[in-house]
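Report on the structure given below.
Taken together, the values in this text are just the output of simple stated rules run on the coordinates, not laboratory data. The model shown is predicted, which means the values in this text are computed figures rather than measured ones. No Cβ is skipped: glycine too gets one built from the backbone with ideal geometry, and neighbour counts run over all protein chains shown.
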Amino acid sequence: MATRLNHIFGILRWTVWANDRLLDATTKAAESCAGALPIFSHIFAAEHIWLYRIDGTQPLLEVWPTFTWHECKQWMDKNRNAIATLEASLSESDLDRIVKYTSSTGIAGAMRTIDILTHVGTHGAYHRGQIAKIVGRFGGQVPLTDYFVYVRETSTGG
């Protein structure tokens with residue numbers, strides 16, 4: 001039986017898979033795709049910030065940091081590990097827990113854990129589209145990162 005927990009972590013595994021595929025394709029043409037670097041930096045920083053908010057921990061990054069390609073890979077891996085840790089520790093009832101936070105602009109907010117995880121899982125899709133356009137514009141090979149491709153190609157899809 002599918003649960004909300006299984007579903008949301010299926011979305012998060014897709015996000016990690018899609019980030020990994022696109023980062024790999026982009027770094028192969030890093031010089032011509034330099035415009036993608038700030039967008040990737042933002043994706044990984046935003047994921048980090050929201051994942052830390054769930055724990056009530058102060059994030060280590062700003063929303064729009066300046067990373068190198070190597071640092072992007074490092075933060076992608078750190079986020080992958082943070083997601084795996086959350087998956088192993090959260091229960092179904094934890095998804096409804098309200099997380100209070102302060103935004104990067106100083107505004108207080110509160111969201112359910114499941115809503116934060118949904119944002120982490122979907123936010124990057126928009127930006128991956130921006131990056132794919134940059135990669136394609138410079139003749140790079142753009143990998144498919146759609147959710148249905150993930151489900152089709154993996155045994156761990158949603």
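Key figures for this structure:
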read-out	value
Mean projection area, nm², convex hull over Cα of the chain	9.3
Region 1-101 - charge dipole about Cα centre, Lys and Arg +1 at Cβ, Asp and Glu -1, debye rounded to 20	80
Pairs of Lys in the chain closer than 23 Å at Cα, counting only those 8 or more apart or on different chains	5
Relative contact order of region 1-137, defined on C-alpha pairs under 8 angstrom at six or more residues apart (%)	36
Computed Rg/Rh of region 71-121, alpha carbon atoms with Kirkwood Rh	1.03
Net charge over other residues, Cβ less than 15 angstrom from the Cβ of C33 (K, R count +1; D, E count -1)	+4
Linear extension gain, V149 paired with D24, 0.36 nm per residue minus alpha-carbon span	43.3 nm
Where labels lie 7 Å past Cα in the beta-carbon direction, separation of T57 and I107 in nm	2.7
Radius 9 Å from Cβ of N19, net charge of other residues (Lys, Arg +1; Asp, Glu -1)	+1
